[in-house]
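Take a look at this one; I'll ask things after.
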Amino acid sequence: MDILQFLISLMGAIMLLLYAVRMVQTGIERAFGASFKRIVTQNQSPLKSAAMGTVLAMVLQSSAAVALLVAGFASVGTLGFGAGLSVVLGADLGSAIVVQLLSFRLDWLVPILLALGGWFFVKTDRRILKQAGRILLGIAFILISLRFLRETMDPIRESSFLPAIAGYLESDFLTAFLVGASVAVLMHSSVAVVLLCVTLVAIEAIPLAAGVSLVLGANLGSAVIPIWLSRDMNAAARRIPYANLFLRGVLAVIALFTVNTFHLTQYLDGIRPQQIVVYAHLAFNALLLLFLPITGLLKGPFERLAPDINVNGTTEENVIEISALDETALSSPRLAVACLRREVLRMSQLLEHMMRPVIDRYKDGDLDQIKATRQEDEHVNRALDGIRRYVSQMPNSKLSKVDGRKVRELAEYAINLETAGDIVAKQLMKLAANKADQDIRFSEAGWEELRNMHEKVVSNMTLAFDVLVSEDLEAARLLMEEKNEMAKAERRSRKKHLKRIRHSEEVSLESSDLHLETLRALKDLNSQIASIAYPILYRHGQLLETRLVSEIDED
């Protein structure tokens, strides 16, 4: 019975630790995720890219999250191999710094974090403050889980089986290394695994040498996680995680045999064992930065390892133009609905491809690129025409009530996507061309506001298309919250712009019409893509019938 209670308590502590790390990461992504692309894809030296990766990993509490982010940008060609690998190597050091910060005994901080985090999360309506509350609560839960873990492990230090396991891991450092790697992959968090090892060493549940070997293995396992998560991406995206695994793997094996062959930990007298584990983790990830000068040289070998697939001249650009509507599936309602959903998703990808460079067209005023973006709207229009024809060919007699509702919802969303495409092509691109023709300049504050709104729209697009595929209720609610935040951001930007005009800022006055029309277009476009959430929320009773007060008192 004692063993069962121990296992339950241990599992509870570990799950709370994983949940807390994820909670912090989610809060930061929701608060600032729209700006990550602009930060990561800036053209900088390898050292500056690594520094940026370090900061991002400290913010996101995960080097794997940064690696996956970088892989996504590499997949669409907005980030090169060398710069992306430099960011990932810096992120590895950032996650190690997070471990150092969280390894301090900060139990006294828990009540303060719970009080502030709970107040922000429950009592405030502003999105930034609510997510700040989520972050503070997550940090508090991390500290609670570590204390819970120490209390769980403390009673079994004198048991018979724990010393046997600890002694075996100390004597067979290769097994300890593989165990650390496996646990990191299973837990999907190197931060959580290293904190676990630090806690076990601190309470003398495992010896120092075994703890260092486990941590080195966790560093290898953390490099496997982004490879698994990016397995469905194209070759350009997968090369960076492969290179990171290669560099971390080589250095981890060298460090493992060096530390255990020469027994380096015995020369660190006077330092607490748990702190030695943290220092070893920090030193390992700092040494990875020595590879920064050769990140660009690794591009060729990894291009040969993961080559671009090009079959019969097919490229990513023309694959997206292949319709998913299969007329042979019309006889099967379920298959026909699946084809329709895939085609709407393809249509959404076409729209996203149009929308991503909009802010660049405002900045560079390239009329040829503006014309090309306008022409892309024809693909969106053709997709809608195909969807209309396909829906008209579906035999209504074979469609169930549920399938009929799905067909209607998908067709309506396709119409909204086409409207969003018109906003990009006929409004935003027209405004970008006018800005270039008339040589209009935005004020620094005004340009920052427009850029942030564009980033939020692109981020909401990704969320909306996830809702399209998953029909997840929580994601749909989050999408509607983001829609409301977009409306608030548009109102705030408009008020700030008018305030700048009242203060006689000449630049703001010259760009006034352009600024206000762009704000309105971005808000309208965001409303169109967020409409996928309405039917999901309505089915679950999550929408109010009206915003109007039901009765008006008449005096």
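Taken together, the values in this text are just the output of simple stated rules run on the coordinates, not laboratory data. Since the model is a prediction, treat every value here as computed from it, not as a measurement. Neighbour counts are summed over all protein chains in view; Cβ atoms, including those assigned to glycine, are modelled from backbone coordinates with ideal geometry.
Given the DSSP H assignment, sum -39500 (n - 2.57) over each helix run of at least 4 residues in the chain and divide by its residue total; what's the result at 222 nm in deg cm²/dmol, nearest 500?
-25000 deg cm²/dmol
Just to check I understand the Karplus step: with θ = phi - 60° and J = 6.51 cos²θ - 1.76 cosθ + 1.60, what whole-Hz values come out for the stretch 133-140, glycine and proline as x?
Result, rounded to whole Hz: x, 4, 5, 5, 5, x, 5, 4.
What is the calculated FRET efficiency for ARG441 to GLU303, with r their C-beta to C-beta distance and R₀ = 45 Å, to the nearest 0.05?
Efficiency at R0 = 45 Å is approximately 0.65.
At a Förster radius of 51 Å, what calculated FRET efficiency corresponds to the Cβ-Cβ distance of LYS496 and SER470, to the nearest 0.05?
Working: r = 36 Å, r/R0 = 0.71.
Calculated transfer efficiency: 0.90.
If we count every other residue with Cβ under 13 angstrom of THR265's Cβ, Lys/Arg +1 and Asp/Glu -1, where does the sum land?
Summing Lys and Arg as +1 and Asp and Glu as -1 gives -1.
How much length would be gained if the chain were fully extended between PHE6 and LYS123, taking 0.36 nm per residue of separation minus their Cα-Cα distance, in nm to one decimal?
38.4 nm
Residue-wise, which Karplus ³J(HN,Hα) couplings in Hz belong to the stretch 447-456, taking 6.51 cos²θ - 1.76 cosθ + 1.60, θ = phi - 60°, and x for glycine or proline?
5, 5, 5, 5, 5, 5, 5, 4, 4, 5
Order by neighbour count: LYS123, LYS398, LYS299, fewest other Cβ atoms within 10 Å first, most last.
Final ranking by Cβ density, sparse to dense: LYS123, LYS398, LYS299.
Over the alpha carbons of the chain, what is the largest minus smallest coordinate on each principal axis, giving the biggest first in Å?
72, 70, 66
Taking 0.36 nm per residue of sequence separation and subtracting the Cα-Cα distance, how much length would be gained by fully extending the chain between HIS540 and GLU481, in nm to one decimal?
19.6 nm
Taking a cut-off of 28 Å between Cα atoms, list the lysines near LYS495, but don't count ones fewer than 8 places away on the same chain.
Result set, ordered by chain and number: LYS37, LYS123, LYS130, LYS363, LYS426, LYS430, LYS435, LYS456, LYS483, LYS523.
For the stretch 333-539, what number results from the quotient of the Cα radius of gyration and 2.2 N^0.38 Å?
1.13
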